[in-house]
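Student: Structure in structure tokens, see below.
Readers should treat all values here as calculations from the given coordinates under stated rules, not as data from a laboratory. Owing to the predicted nature of the structure, the values given are computational and were not obtained by experimental measurement. Cβ placement follows ideal geometry from the backbone for every residue including glycine, while neighbour counts extend to all protein chains displayed.
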Amino acid sequence: MGAAEAVFAEFGAGASTEEVARRAGVAIGTVFRHFPTKDDLLAAIMKQLLVRLVTEAGELGGGDGLFEFFRRLVTQAADKRSVVELLARADVDIRLPDAIGHLEQAVDDLLRQAQAAGMVSTEARLPVVMALLLSVCQGALVGSWDQGLQDHTLGVIFAGLAPRHDG
């Protein structure tokens, strides 16, 4: 799977399954036996990515875990540009409700920890946080954001999530 991810990241929509097989050191038939179509291969890559994100979120914690997760996800979105672009172009229907549900639960856990630490407003709710997370990742993906733009945009989001101190 790592070879496939690397090939699509390098070549984007023009990547071939033959190149995936070559890099993986297997025959093309082996690739097609496991993934009958390129869409199947891409769906498997995205499922693996979601599982990895859930694992990463579970390893973070404390007051700043949510913010670190945002940073990592935005960076990954920018890095995975060609794979996600190819998925969108191929109109791949990825049905991964379990993986997405696990990701939402992991983000909710990070949100609750950040709120308990006083880093995020108790008014912030999971649907809003998920919308922000998905939106900023989409922006980084489509806009090819450099590190400066990522940092500035995340700073604005983090400031918006912070508790208000009206005094």
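Student: In whole angstrom, how far apart do the alpha carbon centroids of region 122-138 and region 50-68 sit?
Tutor: Cα centres, region 122-138 to region 50-68: 15 Å.
Student: Just to check I understand the Karplus step: with θ = phi - 60° and J = 6.51 cos²θ - 1.76 cosθ + 1.60, what whole-Hz values come out for region 16-25, glycine and proline as x?
Tutor: Coupling constants for region 16-25: 10, 5, 4, 5, 4, 4, 4, 5, 7, x Hz.
Student: Which whole-Hz couplings ³J(HN,Hα) result when phi for each residue of region 49-58 is put into the Karplus expression 6.51 cos²θ - 1.76 cosθ + 1.60, θ = phi - 60°, listed in order with x for Gly and Pro?
Tutor: Values, residue by residue: 4, 4, 4, 5, 5, 4, 4, 4, 4, x Hz.
Student: Same structure again: Taking the mean number of other Cβ atoms within 10 Å as a proxy for protection, how do you rank 67-74, 148-155 from highest to lowest?
Tutor: Details: 67-74: 19.0, 148-155: 13.9.
Peptide ranking by packing, descending: 67-74, 148-155.
Student: So, one more: At 0.36 nm per residue, minus the direct Cα-Cα distance, what do residue 135 and residue 117 gain on full extension? Give it in nm, one decimal, please. Walk me through the numbers on the way to the answer.
Tutor: Details: separation 18, 0.36 × 18 = 6.48 nm, distance 2.50 nm.
This chain segment gains 4.0 nm when fully extended.
Student: Also, I was wondering about something else. Let's test the formula: R0 of 25 Å, r as the Cβ-Cβ distance of residue 33 and residue 6. What FRET efficiency results, to the nearest 0.05?
Tutor: Values: r = 20 Å, r/R0 = 0.82.
Here the calculated transfer efficiency is 0.75.
Student: Quick one: what are the phi-derived ³J(HN,Hα) couplings along region 66-77, Karplus 6.51/-1.76/1.60 with θ = phi - 60°, whole Hz, x for glycine and proline?
Tutor: 4, 5, 5, 5, 4, 4, 4, 5, 5, 4, 5, 4
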